[in-house]
Each structure stands twice: as structure tokens, then as C-alpha cells.
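None of the figures in this text is laboratory data; all of them are computed from the coordinates on show. The structure presented is a predicted model; accordingly, all values stated were derived computationally and were not measured. A quick note on method: Cβ atoms are made from the backbone with ideal geometry, for glycine too, and the neighbour counts reach across all protein chains shown.
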Amino acid sequence: MRTWVKLSKVGWLVVLGLIVGGLLAAPAGATLYQFDMDSDQDHTGVYYTEAGYTSVKVTTLVNPPTQLYGWVTSPAGTPAPTGQRDRGVITGNPQSDLLRDFHFDSADRTFEMAFGAGTYDVTLYFRDKTSSHDTIQVFADGSLAASVDSLPINTTAIRSFSVSNTDGALDLRFHNNAGTDPNWIINGIVVDFTPVPLPSTMLLLGSGLVGLGLLRRKWSLKR
Ligand SMILES: [Ca+2]
Ligand SMILES: [Ca+2]
Ligand SMILES: [Ca+2]
């Protein structure tokens, strides 16, 4: 009878472990990040940041673990990107503050988001009120993820894609692939990030195995 009671305690421990492990292993909610590439082209210190968005300047540089998003300075010391423009209010457009300003360069530049390993659902916004662009390419962790072959004056292009990242940091490299205009541009980046629940899954498996081990040991002692 006493042995049965001891077994029962261990059994409850196993149940508790499975419940806690299960709760931790439940998929964590996605986190939405919204970045507005802002411009201080006229050097007045005034930025027009879209409501609900985080302002990104050309001087916003990624530096984990303290700064989890921003432009990558590569090669070392290179300001990235070198170009910024604010074209002014886009009348009647509900996202005027997002689309009026953008970063650009003719050389490749990389925007990094170090939110951890997981799924990055990315949406990119492209618009230039006063000039046309073409042949813009975006590489996500080295693979071509989006293209804007033609961007007529004052029109919006939106590109969405999903990336499964394992090294903890998603790199978006912006590239101009020839064409008539020599520059790529980017006005805004929206990311819905869902972390991989791997550690919690391992915890669940581990707690279950430990529980089974204890059960087996008690069973052996009983016999
Ligand atoms: Ca803006
Ligand atoms: Ca081009
Ligand atoms: Ca912008």
C-alpha cells in the first residue's frame, strides 16, 4: 500500500511535468514589427514617422543584443545606406508618412532583424513620388525573395514573402540589378515574427523521460 502511494506521487510528478512542459511548448504568439525608413534629407531633424511604426534612420545600425534591427555596416565602417529622400506629403494616401520617405543606394546594403530563430513573414513597401525605379531585388538570407521590375513615378509596390530562419537573424540585402535607374529603394518593412518553440518542446520531452525513469526506478524497488 505504501509503495502504491509512492508510485502515485511519482505519477503526479509526471503528470505535472507533462502539463507544465505542454504549456511551455504551446506556440508562442507572433510579434509584429513595423519599420518606417525615415529621411532627414533637409537636415532639419524633423522625421515623419507613420503611426504605429518604428522610425529607422540611415544611421540606425544593427548591433545585437542591444540593437536588434538596423542597417549592417559591411564592409566595416561603411555608412549604410548612403541615400535618403523625403518627397513630401502624398495627398490622399492613408500611408503618406510611410511612403513619402525612403532609403536608397546603388551599392548593396543589408537590413538585419535579430529577433531569433523562427518564421519571418515579411512585407516590403516601395514608392517614390518624383522618380521612377526598376530592377530592384531583395535577397533574404542569401536567396532571392522579392523583385520590383518596374516602379513608375508615385506608385506603390508591395512585396510579401515568408522566411524560415535558423541562425537567429534575418538579413535582407537590397540590390539594383541594372536597368535604367541605378538605385534600389525601400520605404518600409513590416515583419510578423513567430519564434521556433524548439527549447520548450525539448523541455516537454525531457520532463516526460525523467518522469518515466523515476516510475521505472520505483517499479524496480517495489519488485
Ligand atoms: Ca516616414
Ligand atoms: Ca535599376
Ligand atoms: Ca518611409
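By the gyration tensor of its Cα atoms, with a ≥ b ≥ c the square roots of the eigenvalues, what is the shape of region 31-196: rounded for a/c under 1.5, prolate for a/b over b/c, or oblate?
Verdict is rounded for region 31-196.
How much length is gained on full extension from Ile153 to Leu61, taking 0.36 nm per residue of separation minus their Cα-Cα distance?
30.2 nm
First measure r as the distance between the Cβ atoms of Asp121 and Gln41, then evaluate 1/(1 + (r/R0)^6) with R0 = 35 Å and state the FRET efficiency to the nearest 0.05.
Between Asp121 and Gln41 the formula returns 0.70.
Got a sec to turn the phi values of region 58-70 into Karplus ³J(HN,Hα) couplings, 6.51 cos²θ - 1.76 cosθ + 1.60 with θ = phi - 60°, whole Hz, x for Gly and Pro?
So the J values, rounded to whole Hz, are 5, 9, 7, 10, 5, 7, x, x, 7, 10, 8, 8, x.
Hey, what did region 31-196 get for relative contact order, percent, Cα under 8 Å, at least 6 apart?
Relative contact order, region 31-196: 27 percent.
Going by average Cβ neighbours within 10 Å, how do the peptides 109-119, 48-58, 149-159, 169-179 rank, with the highest at the top?
109-119, 169-179, 48-58, 149-159
Hey, quick one: spin label on Thr130, modelled 7 Å out along Cα-Cβ, who in region 140-164 has an amide N within reach, i.e. under 19 Å?
151-156
Under 13 Å from the Cβ of Asp121, count the other residues' Cβ atoms, weight Lys and Arg +1, Asp and Glu -1, and hand me the total.
Computed value for this residue: 0.
What does the charge count near Asp108 come to, summing +1 for each Lys or Arg and -1 for each Asp or Glu among other residues with Cβ under 12 Å from its Cβ?
Residues near Asp108 contribute 0 overall.
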